C-alpha cells in the first residue's frame, strides 16, 4: 500500500502497512530517525495493538522511502503525518484515531498537531527531548500548544531525556499529559541484564496504549 504526500517541492509517494482490526479505533505509527516502518520493534508494537482490536497504519517518511539515512526538513515530515492521518481516516471512517511514533516519528507528530492536525491523542515511544549530551537544546517549544491528551512512554536511562528533572519540567508545560516510566530502559526500552528481542519489547508497550485510549 502507498499514499501520496504533497510536499512544498512537489508530490511524492510513500509506502504504508495497513492492518485492520475491529472495535477500538486506529493508531497511526511512525518510525524513528534511524529505521523504517518495518523495524521489528514497530512490527511487535502494532501486532499487539491489532490483537487488542486496534487498526494500525505504519508508514515511511519520504527520506526513508528515497533510501536516505538522515531525515529531511521537518515540513516534509509534518506533511507526511497529515497525509497519513487523512489516509487512515479514509480507510476506517468514524474510528477514533491516535498518532504514535518512535522517537523522531513521535516528535514530528507533535509538531503536526501543534500546527493543527486533528487526532484524539498523541503517544510518544521515547520522546527525544534533546540530542544525547546536549540538554541545552530542548525540543519543547511547541508542546504547550497541544490540547489533545499526550502519553510519554520513556525509559528512565534514555540519554535523550537526561536529566530526568528537565524532562519532567517539559512535560509539566503540556496541557494534558502523563509519563509512563520503563524502569532502567534506554532509548529503545532495552534494559541492561534483561535481553529481549525488539519485537517483544515493542509488543510489551501496547497495553499502555490501550489504557491511555480508554480514558
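The values are calculated or read from the model by the stated rules, or taken from the named source; none is laboratory data. Just so it is clear, the model here is predicted, and its values are computed rather than measured. Every residue, glycine among them, receives a Cβ derived from its backbone with ideal geometry; neighbour counts consider all protein chains shown.
Quick rundown of the values:
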item	result
Among the candidates 89, 58, residue that is surrounded by 13 or more Cβ atoms within 10 Å (Cβ to Cβ) and not in a helix (DSSP H, G or I)	58
Single residue of 100, 84 found to be more than 21 Å from residue 215 (Cβ to Cβ), surrounded by 16 or more Cβ atoms within 10 Å (Cβ to Cβ) and either touching a helix residue (DSSP H, G or I) at 6+ places or on another chain (Cβ under 7 Å) or at pLDDT 95 or above (or both)	84
Residues of region 61-84 that turn out to be in a helix (DSSP H, G or I), out of contact with any strand residue (DSSP E or B) (no Cβ under 6 Å at 6 or more places or on another chain) and either within 15 Å of residue 4 (Cβ to Cβ) or free of Cβ contacts under 8 Å to residues at least 60 places away in the same chain (or both), as a count	7
Scan of region 191-215 for residues that are in a loop (DSSP other than H, G, I, E, B) and surrounded by 17 or more Cβ atoms within 10 Å (Cβ to Cβ), ordered by number	205
Meets criteria (buried (at least 18 other Cβ atoms within 10 Å of the Cβ) and in contact with a strand residue (DSSP E or B) (Cβ under 8 Å, 6 or more places away or on another chain)) for residue 121	yes
Tally, over region 95-120, of residues that are within 22 Å of residue 64 (Cα to Cα) and either assigned to a strand (DSSP E or B) or in contact (Cβ under 8 Å) with a residue 40 or more places away in the chain (or both)	11
Conditions (1) closer than 23 Å to residue 207 by Cβ; (2) surrounded by fewer than 17 Cβ atoms within 10 Å (Cβ to Cβ); (3) in contact with a helix residue (DSSP H, G or I) (Cβ under 6 Å, 6 or more places away or on another chain): number failed by residue 109	(2)
Among residues of region 147-168, those that are crowded, with 21+ Cβ neighbours inside 10 Å, without any contact (Cβ under 8 Å) to a residue 40 or more places away in the chain and closer than 14 Å to residue 109 by Cβ, counted	1
Residues satisfying the stated conditions in region 42-55, i.e. within 16 Å of the chain's Cα centre (by Cα) and not in a helix (DSSP H, G or I)	54, 55
Residues of region 121-178 satisfying the condition of being closer than 18 Å to residue 74 by Cβ and assigned to a strand (DSSP E or B)	122, 124
